[in-house]
Amino acid sequence: MYRKFISTIVAILLNVAMFSHNLDMHQLKLHEWDLNNHQKVKASLLMVKHNEVYLQLSDNITIHYPLSSFSAKDQAYIIKRYTAIEQLNAQIETPTVSSPISKPSFNFLRAGIITVILLVIWAIIYLRFKIVQLKYLNYFLIVGLVSVGYSFTSNYIRRINSTSNPISVDSAFTPFKPNIVTHWDNNYFYVESQGIPTTHAMMTGITGWQQQVPIPQCYIGSNAWSIPLNPVIASVPVPVNPSHFSRGAIAIAVNGIAIFNPYTNTGVDAYLDGQLDNWGGHCGRADDYHYHTAPLHLYGTTSKTLPIAYGLDGYAVYGSYEPDGSSMKSLDTNHGHYGTNGVYHYHGTATAPYMIGNMVGQITEDTTHQIIPQASANPIRPAGTPLKGAVITSCIANGTNGYILSYTLNGQTYKVSYSWTSNGVYTFNFISPGGTTTSNYNGFKPCILTQGVKSDNTSKNKIQIYPNFL
C-alpha cells in the first residue's frame, strides 16, 4: 500500500508538472550590427518594412534604423535574410479566416522527449520499489502520456491565431472607396488615405481647441496604415491608458481615419475634456485629423455586420452588433470577446474605454510609446496651443483645396481661412473682428487617389503623387 501511494503521488506530480509547463527551446540569437556612425548594436533581426530595419535587443526592446544606416556588409546580410523570408511567405497560400480551435498541431519531438523521461521515471520507480502489481503505476503512466499529448496540442489550440482573409478585410473598407485605397501582401493589409472623412463634417462642437486645423495628409506608399494579416494573441494584453500608446494610432477606421488612444498625450480623456468634435475627432499637432473614440457614426454608411475599424494588432472592431447581426454580447476586460467563429474582435461603445481596453494582439511599442509600424503625419507649421473659451461652430470647404474654420470667443466670431497649392505652399488667413493676419508655410505637396492595376492584373487602387514628394 505504501509503495502504491508513493508511486501514485509521484505520477500525479509529474503529470501536473508536464501539463502546466511549456517547453520553449527558442533562444534569442543576437547579431552584432555595424552602423555607419561607427556604433555597434547587438540585436536580433525582427523585420524589414519599407527600408526600415527593426531590431530586437536582448531585453525585448525594439529599435529601428533606415537600411542605409548599416554597413555594406550588414545591408547585404539583411537583404539576403529578408529575401529568403519573402520567398518563403510567397509559397504560402493565404488561408481564409480560421477558428482558434481548428487543426491542432502536435510537436512530436518535444512530446517524444517527455515520453522518454516518463518511461525512465517509470522504470526507476519499478526497480526501486520492486512493485509486482503494476496496474496502478501503468494507469498513471498512461494518464501521464495522455496529459503530455494534450498539453502540447491543447496549448497550441489555446494559442493558435487566426489568419485574416484580406478579401474579407477589404469588404469592410469598400463602402468608403474610392476615397481610400487598399492592397495587401502576405503580412499586412495596407490602407492609404488623405486622413479626411468624406461622410461627415469635422471640428464642429469642440470646446477645448488646440488651434489645430484639418489638413489632408499623405498616408500613402511606405507611409500607409498597416494592419497585420496574421494577428497573434498576446500572452499579456497591453492596456490602452495614459502610460501606453500615448503617441500615434491604435487603430484605423474603415474610412481611412486613424483612431488614437482615448487619452491624449497629456493624459486626459479627450472626449470628457471637450477636445473632440461631434464625431469623436479632432486635429493633432501636425494638423492631422483623427478620432479618439469609436466611430459608431460610420454605420450610417456601412453595414452593421461589418467592422468599423481594425486595431493595429490585426483584430476587428465592431459596433453595437455582432458579425452575424445579433445584438452585442457581454464584453471582457479588453472590451471585446471571441466570436462564434472563434476569432477575437473588439466592440465600440459610447462610454469609456470606447473601443479597446487592452491590446489583445501582440504589438511592438517603441520608446516613444507608439505602435510600430504605423503611418505618420507631416506637419507644415509649428503646433498650436490651447485657446481657452473658444467654441468651434463650423468647418466648411474653401474651394477644393482648403477650409474655413469658424469659432466664437468671448461673444465674438473668428475665422481661420486657409488653402494650399499643388506646390505645397500653405496660406493661413486669421480673421478677427480687428482685422486679418496672414501666414505662409512651405510644406509637403498634396497627393491624390487614383485607380490602378497591380502587377498580377488584379484590381487595386493606387496613389498618384506630385513629383518629388517625400
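The values are calculated or read from the model by the stated rules, or taken from the named source; none is laboratory data. Since this is a predicted model, take the numbers as computed values, not measurements. Don't worry about glycine lacking a Cβ; one is built from the backbone with ideal geometry, like all the others, and counts go over all protein chains shown.
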Loosely packed, with under 14 Cβ neighbours inside 10 Å, closer than 30 Å to GLN212 by Cβ, at pLDDT below 95 and β-branched (Val, Ile, Thr) - does that describe any residue in the stretch 330-352?
yes
Take the stretch 318-376 and flag every residue that is of a type in the set (Asp, Glu) and more than 18 Å from PRO237 (Cα to Cα).
GLU322, ASP324
Quick check on the stretch 186-207: of everything there that is surrounded by 19 or more Cβ atoms within 10 Å (Cβ to Cβ) and closer than 30 Å to ASN429 by Cβ, which residue is farthest from the chain's Cα centre (by Cα)?
ILE206
Which numbered condition in (1) outside any loop (DSSP other than H, G, I, E, B); (2) surrounded by 11 or more Cβ atoms within 10 Å (Cβ to Cβ) is the only one that ASN440 fails?
(2)
Could you list, in sequence order, the residues of the stretch 369-409 that are within 30 Å of PRO228 (Cβ to Cβ) and either assigned to a strand (DSSP E or B) or out of contact with any Ser or Thr (no Cβ under 9 Å at 6 or more places or on another chain) (or both)?
ILE371, ILE372, SER376, ALA377, ASN378, PRO379
Any residue in the stretch 285-292 that is over 29 Å from VAL391 (Cα atoms) and assigned to a loop (DSSP other than H, G, I, E, B)?
no
Any residue in the stretch 258-266 that is surrounded by fewer than 19 Cβ atoms within 10 Å (Cβ to Cβ) and either touching a residue at least 24 places away in the same chain (Cβ under 8 Å) or in contact with a strand residue (DSSP E or B) (Cβ under 7 Å, 6 or more places away or on another chain) (or both)?
no
Residue ranges of strands (runs of 3 or more DSSP E) in the stretch 298-358 with at least 3 members in contact (Cβ under 8 Å) with a residue 12 or more places away in the chain:
309-311, 316-318, 344-347
Go through the stretch 199-257 residue by residue and tally those that are closer than 29 Å to ALA390 by Cα and in contact with a helix residue (DSSP H, G or I) (Cβ under 8 Å, 6 or more places away or on another chain).
5
Which residues, taken from the stretch 293-317, are touching a strand residue (DSSP E or B) at 6+ places or on another chain (Cβ under 6 Å) and surrounded by fewer than 24 Cβ atoms within 10 Å (Cβ to Cβ)?
LYS304
